[in-house]
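Working notes, beginning with the structure itself.
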Amino acid sequence: MKKILKIIAGIVIFLTLPTLLLFGFLYLKYDEPLPEGKEGVAADALAEDMLSALNHQAYEQTSYIEFTFKNMHRYKWNKADKTCEVLWKNFRVELDLDSINNSKVFVAEKQYDGEEKEDYIKKAENYFNNDSFWLVAPYKVFDKGTERRLVKTEDGDEALLVTYTSGGTTPGDSYLWHLDDNSMPESFQMWVDILPIDGLKATWSDWTTTDTKAKLPTFHKLLVLGIEITDINTLILD
């Protein structure tokens, strides 16, 4: 028995030690405190500059967006009706974003009203909140419950810190937007509950101008991970 326990302990250490060392390295290299910034006119002006660079008006006029997130989740989002069809594996959930309890669940194209219905709806809602944020986050800087602060970086540049005090799946999350010379988002740093390291940076790149002229990203890089967004289609519905 002692020999078996030693073997098990050795396997556990062998498997976990490299992970712990890697996490420790990443933590020491990237973890940083939430920066301080100043609310007010200057912060709002920087946010407006970013929206102007993105063609915010075109986004507002866009009433329908289709996209695929990481080749895993497919979305048919009717912004005008505040509904979204979420598809993954053999599940399809018709989310009612105004009244989640009115959402419908389909499994293998058959409507499902079993005991796990609420779980599937919650999963679809979480998928939507996360995945759509990676698509349209810059357009949400004036959403209800947001706070905007102007931050001076170590390089002397201006960055926009946006904190979501309510809404979404994890209220309280903060994002520091770094913009290029044309006020287009280049990256943001994240202080979010879901990540154990504060201040991790993800790129916002490979922008595409959609059929409705709204600009949307098709790729993000987070450390060594790539987040691809494909099959983007936008419409203005009558």
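The values are calculated or read from the model by the stated rules, or taken from the named source; none is laboratory data. The model shown is predicted, which means the values in this text are computed figures rather than measured ones. In this analysis, Cβ positions are derived from the backbone assuming ideal geometry, glycine residues included, and neighbour counts consider all displayed protein chains. These accessible areas exclude ligands, DNA and RNA; they are computed on the full protein's heavy atoms, side chains included. Shrake-Rupley method; radii C 1.70, N 1.55, O 1.52, S 1.80 Å.
No other residue among Thr62, Thr68 is open to solvent by less than 30 Å² (accessible area, probe 1.4 Å), β-branched (Val, Ile, Thr) and over 23 Å from Ile194 (Cα atoms) apart from Thr62. Of the residues making up region 188-219, those that are within 25 Å of Gln61 (Cα to Cα) and in a strand (DSSP E or B) are Ser205, Asp206, Trp207, Thr208, Thr209, Lys215, Leu216, Pro217, Thr218, Phe219.
Kindly provide the set of residues from region 149-169 that are closer than 28 Å to Ser99 by Cα and surrounded by 20 or more Cβ atoms within 10 Å (Cβ to Cβ), ordered by number.
Of everything in region 149-169, those that are closer than 28 Å to Ser99 by Cα and surrounded by 20 or more Cβ atoms within 10 Å (Cβ to Cβ) turn out to be Val162, Tyr164.
Which one of these is of a type outside the set (Ser, Thr, Tyr) and over 19 Å from Glu39 (Cβ atoms): Leu225, Leu160?
Leu225
Scanning region 186-225 for residues that are open to solvent by 90 Å² or more (accessible area, probe 1.4 Å) and either of a type in the set (S, T, N, Q) or without any contact (Cβ under 8 Å) to a residue 60 or more places away in the chain (or both) yields Glu186, Asp193, Ile194, Asp206, Asp211, Lys221, Val224, Leu225.
For region 226-238, check the following and say yes or no: at least one residue is loosely packed, with under 13 Cβ neighbours inside 10 Å, in a strand (DSSP E or B) and in contact with a Ser or Thr (Cβ under 6 Å, 6 or more places away or on another chain). Yes, region 226-238 contains at least one residue that is loosely packed, with under 13 Cβ neighbours inside 10 Å, in a strand (DSSP E or B) and in contact with a Ser or Thr (Cβ under 6 Å, 6 or more places away or on another chain).
Apart from one condition, Asn182 fits all of (1) surrounded by 19 or more Cβ atoms within 10 Å (Cβ to Cβ); (2) in a loop (DSSP other than H, G, I, E, B); the exception is (1).
For region 153-169, a tally of residues being modelled with pLDDT of 95 or more and touching a helix residue (DSSP H, G or I) at 6+ places or on another chain (Cβ under 7 Å) returns 2.
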